[in-house]
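Below is one structure, written out as structure tokens; comments come after it.
The values are calculated or read from the model by the stated rules, or taken from the named source; none is laboratory data. Just so it is clear, the structure is predicted and the values come from calculations on it, not from any experiment. In this analysis, Cβ positions are derived from the backbone assuming ideal geometry, glycine residues included, and neighbour counts consider all displayed protein chains.
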Amino acid sequence: MLAAVSQMMQRDLTQRLMSLVAILAVCGIVVSSTSLQHHYAKSKTAYCDIGETFNCDIVNRSEYSSILGIPVALIGMLGYAALAGLATLYRERRETPAILFAGAAAGLAFALYLTYIEGHVLGVWCILCLSSLALIATMTILSGLIWWRGRNR
């Protein structure tokens, strides 16, 4: 009986962690969609133009803001949507924790690459991009915890 209660509590914690990942993914979609809007905007925006150090317009309109003509922000939106789908619609599947962790880790690697470009190539930071980095880093940690807990059962 005690083992059944413990297993139920572990399952509940995993479901809560999945829900938290899904909420963070929705936040990532919002941040990425705002960044995409900045990518296509024609006029200068004051949204995150904070001196010489922070300027989303410079980052979102640079040559590094697209890959093969696809805006990086759109790639982010699609990635976050995929992670949200895994954490909600496919959360009960046995392979989901591993796929969720791999997807979040890939997103984190991409975000770290883009952050390197911001700091060392462009020399300017984007608050939206740094927010996205914080979201995907947190999602990677949480999905890694979900995966680790699942494989140790």
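Tabulated results
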read-out	value
Of all residues in segment 67-106 being part of a helix (DSSP H, G or I) and either hydroxyl-bearing (Ser, Thr, Tyr) or more than 15 Å from the chain's Cα centre (by Cα) (or both), the one that is farthest from Ala22 (Cα to Cα)	Ala98
Segment 104-121 - residue that is touching a residue at least 40 places away in the same chain (Cβ under 8 Å) and crowded, with 16+ Cβ neighbours inside 10 Å and, of those, farthest from Ile58 (Cα to Cα)	Ala104
Per-region count, segment 31-57, residues part of a helix (DSSP H, G or I), crowded, with 18+ Cβ neighbours inside 10 Å and modelled with pLDDT under 90	4
Complete set of residues in segment 111-153 that are of a type in the set (A, V, I, L, M, F, W, C) and part of a loop (DSSP other than H, G, I, E, B)	Val124, Cys126
Boolean, Leu86 is crowded, with 18+ Cβ neighbours inside 10 Å, modelled with pLDDT of 95 or more and under 23 Å from Arg151 (Cα atoms)	yes
Any pair with Cβ under 6 angstrom, 6 or more apart, that starts in segment 66-87 at a residue that is free of Cβ contacts under 8 Å to residues at least 60 places away in the same chain and of a type in the set (Phe, Trp, Tyr) and ends at one that is in a helix (DSSP H, G or I) and surrounded by 15 or more Cβ atoms within 10 Å (Cβ to Cβ)	Tyr80/Ala25; Tyr80/Gly28; Tyr80/Ile29
